[in-house]
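Working notes, beginning with the structure itself.
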Amino acid sequence: MTWDCTVFGAFRDMDPQDTLPVRFHFGGNFDFDGYSVNYVGGGVELSHIEKEKMSLPELRGFLSDHVQLIEEDIVDFYWLFTGAELSRVEETF
């Protein structure tokens, strides 16, 4: 199975706890209705990842807290930096 996962995180000054809030979008699609971008047909979950542990394997591990993954699953990660416009998501990725 292939999972497309979009990660939205606060990539800026870290809070005193040195964690990064990461919002996972999975199993759905971004839909532009002509005015705004909406996420439809999937799940959205939030995790807090320690800044020092931020890596692709760590992201995959946190994603597996929300969806059932097996080792053979292919996961594609995309991200949008804080403050970037979601309406330009196609250009960003």
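Read-outs: derived from the displayed coordinates by stated rules, not from any lab. Fair warning: this is a prediction, and the values are worked out from it, not measured in the lab. Cβ coordinates were reconstructed from backbone atoms using ideal geometry, including for glycine residues, and neighbour counts include every protein chain displayed.
Restrict the search to the stretch 18-52; then list the chymotrypsin sites (Phe, Trp or Tyr not before Pro) that DSSP places in a loop and that have at most 16 other Cβ atoms within 10 Å of their Cβ. Those satisfying the criteria are Tyr35. Taking amide hydrogens as placed 1.01 Å from N in the peptide plane, the amide H of Ile49 sits under 5 Å from those of Leu20, Val22, each at least 5 positions away in sequence or on another chain.
Neighbour counting of Cβ atoms within 10 Å sorts the residues Ile49, Ile74, fewest neighbours leading, into Ile74, Ile49. Listed by Cβ neighbour count within 10 Å, with the fewest neighbours leading, Thr19, Thr82 appear as Thr82, Thr19. Shown for Val67, Val37: other C-beta atoms within 10 Å of each C-beta, ranked fewest to most, produce the order Val37, Val67.
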